[in-house]
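Please read the structure below before turning to the comments.
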Amino acid sequence: MASFTASSVSFGSVSCPFKNKQVSNLRRASLSFSGKGLSSLRSQPPRFRVSCAAKPETVDKVCQIVRKQLALPSDREVCGESKFATLGADSLDTVEIVMGLEEEFGISVEEESAQSITTVQEAADMIEKLLEKKC
C-alpha cells in the first residue's frame with residue numbers, strides 16, 4: 001500500500017457524475033499526475049482552499065430559468081451538469097439567461113463573469129458567491 005503526503009495539492013476542473021450510493025463500497029482510489037513532476041509540489045507554499053457547490057435550491061431555480069429562457073420541453077433534462085451550448089443556447093440566449101438570473105436573484109453579474117459561465121452548476125455557484133458578497 002502506498003501513501004502520498006504533500007503540503008498542497010490542487011485539481012483543475014473536476015466533475016463527479018456519481019450518485020451517492022454508487023460509491024458506497026469504494027475501498028481504493030488511485031491518482032495519476034502528468035506534466036510537472038512531484039518535486040514541484042515541494043516548492044509551493046502550503047495553502048488550503050475550500051470550494052462549495054451551490055445549494056440544491058439554487059441549482060433547481062437556475063434549471064427552471066434556463067428551461068424557460070430556452071423554451072425547452074418538459075421532458076428535456078436540465079441539471080447542474082447541463083451545458084448551455086448542449087441545450088441549444090447561443091451567445092444571445094446566454095445573455096438572456098444571465099439577465100433572467102440577475103432579475104430573479106437580485107444580483108448584478110459582471111460581463112467578464114457572465115462570459116465564463118457554460119453550465120447550470122457554474123451559474124448557480126456564481127449566484128451563491130454574489131449573494132454571499134451582498135450580505
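Given the structure, is PHE105 at pLDDT below 95 and aromatic (Phe, Trp, Tyr)?
no
Those residues that are open to solvent by 40 Å² or more (accessible area, probe 1.4 Å) and β-branched (Val, Ile, Thr), I need them from region 85-116; list them, please.
If the condition is that a residue be open to solvent by 40 Å² or more (accessible area, probe 1.4 Å) and β-branched (Val, Ile, Thr), then THR86, VAL95 are the ones that fit.
If you take the residues in region 72-84 that are assigned to a loop (DSSP other than H, G, I, E, B) and over 17 Å from GLU57 (Cα atoms), which one is most open to solvent (accessible area, probe 1.4 Å)?
Of the residues in region 72-84, the ones assigned to a loop (DSSP other than H, G, I, E, B) are 72-82, 84.
So of that shortlist, the ones also over 17 Å from GLU57 (Cα atoms) come out as 72-76, 84.
On the way: LEU72: 26, PRO73: 71, SER74: 112, ASP75: 134, ARG76: 89, PHE84: 6 Å².
Checked region 72-84; the qualifying residue most open to solvent (accessible area, probe 1.4 Å) is ASP75.
Find all pairs meeting these conditions: Cβ atoms under 7 angstrom apart; at least six residues apart or on different chains; first residue within region 61-76 and closer than 12 Å to THR94 by Cα; second residue open to solvent by less than 30 Å² (accessible area, probe 1.4 Å) and part of a helix (DSSP H, G or I).
Filtered contacts from region 61-76: ILE65/ILE97; ILE65/GLY100; ILE65/LEU101; VAL66/ILE97; VAL66/VAL120; GLN69/ILE97; GLN69/GLY100.
Restricting attention to region 117-127, which residues are out of contact with any Asp or Glu (no Cβ under 8 Å at 6 or more places or on another chain) and buried (at least 17 other Cβ atoms within 10 Å of the Cβ)?
ILE117, GLU122, ALA123, ALA124, ASP125, MET126, ILE127
Does any residue in region 89-118 that is under 18 Å from CYS63 (Cβ atoms) come within less than 8 Å, Cβ to Cβ, of a residue that is among the hydroxyl-bearing types (Ser, Thr, Tyr) and open to solvent by 80 Å² or more (accessible area, probe 1.4 Å) six or more places away or on a different chain, and which pairs are these?
GLU102/SER108
The values are calculated or read from the model by the stated rules, or taken from the named source; none is laboratory data. This structure is a prediction, so every number in the text was calculated from the model and none was measured. Counting neighbours? That spans all protein chains shown, and the Cβs are built from the backbone with ideal geometry, glycine included. Note: areas computed on protein heavy atoms with side chains; ligands, DNA, RNA excluded. Shrake-Rupley method; radii C 1.70, N 1.55, O 1.52, S 1.80 Å.
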